[in-house]
Every structure is written in C-alpha cells, then in structure tokens.
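Everything on this sheet refers to the single structure shown next.
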Amino acid sequence: MPWTKWYPRFATQALLAQVVVLLLVVGFGFVLVTVLLREELEQQYQQRALTIARAIAADRTIARHVAAHELSPEVRQHAEAVRIRTGALFVSVIDERGVRYAHIDPTRVGETGTVTREVLAGRELDGIEHGTLGTSARGRVPLRDDDGTVVGEVVAGISAGAIYDRLRELLQAAAGFTVVTLLLGMAGAALLTRQLKRQTLGLEPRDLADLLREREAVLHGIDEGVLAVDEADRVTVCNDAAARLIGKPLAPGMPLAATKLPAGLRALLVRRPPARGVTTTTEDRTLVVSATPVRRGEHDLGRVLTMRDRTELEQMARELDVVRALSDALRAQAHEYTNRLHVLFGLLHHGHEREAEAYVRQLMNDPLATEHGDGARLRDPYVRGVLAAKNAAAAERGVDLRLGDESFVPRRLTVPLDAVTVLGNLLDNAIHAAARGRRRPAWVEVSLVAQADTLEVVVVDSGDGVPEALEDRLFEPGITTNADGDKPHGIGLTLARQVARRHGGDLALTSRHGTECGAVFVARLPGVLEAVDPWVEPSRRATGGSSEAVAKETP
C-alpha cells in the first residue's frame, strides 16, 4: 500500500487552530495574571509591614527608652504584643548604634545589628528581603524622639510564605475560572466548526474552489439560461443566458418578490415539485423551462430553473403551419376551380348561356373571392391566401367564414409572417369555438382595416364565449378553452399577443358573453403595412369605403 500524506479535514483544522489559539491566549493570560497578582500581593504585604512598623514607632514611650539607651523589657513586650496581634514574622527595634531593644529571639536583645543609613536619614523603606528568618516583606520606619531627632529604627517583617499561600489560593480560584473559560471556548469552537461544516455541506476548501471554477465555466459557457434561488427565495445564480432571456440581469441576494419576473417563471420558482418542459413566455420570447428542487440530505437548498429559447422555433413552426395551410388551400381551390370550369363548360356546351352568366355572377359575389382579380379590398396576397386557407378549413367544420363589410387593406404587409401569425391564430381559435358552440348556423366574421401603417384585426365568432374562470388568465401559456383535446392548445393566443406587443400594439378580448355572438378579439399591429398611398386613401374616404368604387379607381 503506497504511503500518502494525511491532511486533516478543514473543519478539523479550524477546530485545532481555535483550540491552540485558546490555549495560547488562556496560558499567556494566566501567566500574566500570576505575575501581576504576585507583584500586587508583595506590594500589599510590604505596606502592611510598614504600617506595623509605623504603629510601633509612634509610641513615645519606646522612643524615650531608645533615646535614653535603656534596654527596658517594656520595649520588647510592646513589640512582641504587636507582632502577635498582627501575625508578623518579627518586629525589631534598633537604636542609631545598632543595638537591638526588641527581637523575636529574646536572647538577641542587646546585641548589635545592622542599621540602615537611609532610615537614619529619615526615610521609610519597604521591600522583599532575605534574612536569618527567611524571605519576608519588610518595612523600615525611623524612630524619633520628642524633638523629632531620629534615634533608631523599627523593622517589621511578614513571612513570604504567607504571601505565597495567599497567592496560591487566588491562583487556584483563577485556575478554576480559566479551566471553565477554556472548556466553554472549546465548546464554542466545536459548535462553530460544526456550523461551518454544515454550511459548507462537508466540502473542503479545495472542493469549494473546484466547484466555483466549474460553476463559472459551466454557467457562462452554455446557451441555456440558469436561474437559481435559495431556500429563502433569494436569487443566487443568474447567468448571462438567463439575463438575456428574461431581459435583465438579477443580482445575487435579490429577493424573488423584487425581481418582477413573469408570472410563469415566478410560479415555477415558488412551487417546490419538479417540472419538465413547461412552456412559458416573457415580453418577447417563448421559453421552455425545467424546474428542479435542490436538496442535500434533509436540507432544502432552493430551486434551479433552466430555460431554453423556443421563440425562433415557434415562429418557424407557425410559418410552416401557414405554408402548409396555404398549400392545402391552393390544392382545394385548384380542385374547386376545376369543378367550376367543368360546370361552366357544361352549361355553355348545352347552350345555357343565361344560367352560365348567373353562375359567374354568384362566384363574383363571394366575399372571400379575389374581387375581379385586382384585390380592391385586400391587396396583400398573404392576407388573401390565409383567408382562403381558413375559409376552406372552416367549410370542412361547417363554419361560415365572413369578411366584414368595413374591411379594407389597400397596401401590402411589410412583416407578413407576424401579421399572418396573429390573424391565423385568431381565426383558428374562432373557427374552433364556432364549431363547438351551440349557435347554428356557425359563423366567424373577420374585419381587416388599415389605418396608416397600422393593421387592425377584429375577429368575432358565434361560439359560447370565454368562461368567466378563464377571462383573467386567457393569455397565459397553457390556458385553453378546448376541452376535447383534439390537438395541443394553450400557446396560440399567448404568441399572438406577444407578436402584437413586439410591434407596439396589443391583443385583447373585448366581448366575453355577448347574446348575439361569442368572443370578440381585437388586435392592433402598428408598422406592419407599407407607407400610405396618397392616391388610394383619399379615394376610399371620398367613396365612403365602397369596394365597388375603390375597384373602379384602383389601377
């Protein structure tokens, strides 16, 4: 088995680092407290020794005996009584010559000892000194007679053992407090490490760095939009493709309620069950969205949306539908015109000129006919082709497709695909509603009116209208009034309104429950027609919009 280096996990490293720091801080703190406490106790005991010495030096009787050089037992007795009461190690009285008048050892009274010159000069001294009785805190005070002359000194000492016994007691209490503090600090460090491990999902820093690099490479290197929110519904990820698809970038940390996302996307982010291949729309795009909840163990980490742009695909599909419908209509018309030619040939062959003339007049009065071939009311071939195709489709379902009397489009379309998309979707829905409705005969009426470069489309059907429950949601993706499921529905009206609004217009439902008709849809498409023809518009206004008059004045 090959030998490999073992590195503790990051959480373990963090815990060990915190424990080491705590030990160092607490250790240095304890040492500092010990030093400071020792110095403070030594100062206190030195002051106590000075106080004892001052009390004895203040006795005038002792000063007189020392000044007279009388080795009176009274001096030793008084000094011994003070020592016993104060717990001092010793109390000594010495004159200026060094002769002892009081000592803890009575046999040494009268002997000559050491006199401190600074004390004889009138100064008080304190400190820690070493002597025959061991180490002690000592205080030295000048002994003065009645006229203030220094005649000796008083020395009081307190055993250093008492100092260090007291220091030991205080340090034991401090040590207990330090241990408790250290244990609390280690417990806090352990909790912090556990919290860190939970928030990083057990990943190591190198793993997090790898994930960050991979995320940046993946999110900004794909064409799909990725939008993610956390468990608190705050945006965490919005890559470049997602910002392009929804029309604006979203900053990380932004609350979902403040993003003003389309209702479809916001609903997918709020709902927690997964969703696949849901079609929704923005202001100018059709998106296919998948929503996936993100979990790790029992933790809810939020939700991720992946978005794909289907706008161009939907437009191509609609264009293909239009081309297929036109092709079917041309085949049907070719067959129909062949039958009409056969009828005319038969009538003329058998000499029925009057019946043939009446038959031709009937064909010319068809409201969806080409009107003498000059397209007087509907000049655009795309519009005429769609109407012809939808007329054939309506006839197959028993629906009469009518062209409104006010219809007048004297110019060609500049964006035929968009206009045909809106018109075709409205006619498909109207024909379907009329065929399923209760009114008979079933009919659909379409009116096309040109105003400058704007095309207005009004589609009315004889169906049962839009249910009240769907009125406010009719233009949302996936909403349909089709209950029989004969073909996929739910995107046509959404796409039509999207196209209209892209041109600065709109699509609206203006009548819902009319007594004489079903639904009335009105679409306004600015900028889809050629520039105004000054020779045609005045002619239409002068003749009141009559198709026959316009036909006469139109080349």
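I need the peptides 231-237, 250-256 ranked by packing, meaning the mean over residues of other C-beta atoms within 10 angstrom, with the highest value on top.
On the way: 231-237: 15.9, 250-256: 13.4.
Highest-to-lowest ranking by the protection proxy: 231-237, 250-256.
How much accessible surface does residue 345 have with a 1.4 Å probe, in Å² rounded to 10?
Accessible area, nearest 10 Å²: 140 Å².
Can you give me the % of accessible surface on the stretch 1-146 that is carbon or sulfur? Probe 1.4 Å, all protein chains present, nothing else counted. Each step should come with its number before you reach the end.
Numbers: 5110 of 8760 Å².
Ligands and nucleic acids excluded, carbon and sulfur give 58 percent.
By average Cβ neighbour count within 10 Å, what is the ranking of 494-504, 396-406, 99-109, 154-164 from highest down?
Packing proxy ranking, top to bottom: 154-164, 494-504, 99-109, 396-406.
Could you please state how large a percent of the accessible area of the stretch 388-461 is carbon and sulfur, counting protein chains only and using a 1.4 Å probe?
Looking at the stretch 388-461 in its full context, I get 46 percent from C and S.
Given a 1.4 Å probe and heavy atoms of the protein chains only, how would you sort 306, 259, largest accessible area at the top?
Per-residue accessible area, sorted high to low, gives 306, 259.
For residue 445, what charge total do you get from the other residues with a beta carbon under 11 Å from its beta carbon, if Lys and Arg give +1 and Asp and Glu give -1?
In short, -3.
Residue 54: net charge of surrounding residues, Cβ under 15 Å, Lys/Arg +1, Asp/Glu -1, itself excluded?
The answer is +4.
With a 1.4 Å probe and all protein chains in place, put 197, 390 in order of accessible area, largest first.
My answer, sorted largest first, is 197, 390.
Just how much of residue 28 is accessible, in Å², when a 1.4 Å probe is used and the result is rounded to the nearest 10?
Ignoring ligands and nucleic acids, residue 28 comes out at about 150 Å².
So, for the stretch 79-173, what is the accessible surface per residue at a probe of 1.4 Å, expressed in square angstrom?
On a per-residue basis, 48 Å².
What accessible area, in Å² to the nearest ten, does a 1.4 Å probe give for residue 316?
120
Sum up the charges of everything whose Cβ sits under 14 Å from the Cβ of residue 528, counting Lys and Arg as +1 and Asp and Glu as -1, but leave residue 528 out.
Charge balance in the 14 Å sphere: 0.
The values are calculated or read from the model by the stated rules, or taken from the named source; none is laboratory data. A quick note: this is a predicted structure, and the numbers were derived from the prediction, not measured. A quick note on method: Cβ atoms are made from the backbone with ideal geometry, for glycine too, and the neighbour counts reach across all protein chains shown. Only protein heavy atoms, including side chains, enter the accessible area calculation; ligands, DNA and RNA are left aside. Shrake-Rupley method; radii C 1.70, N 1.55, O 1.52, S 1.80 Å.
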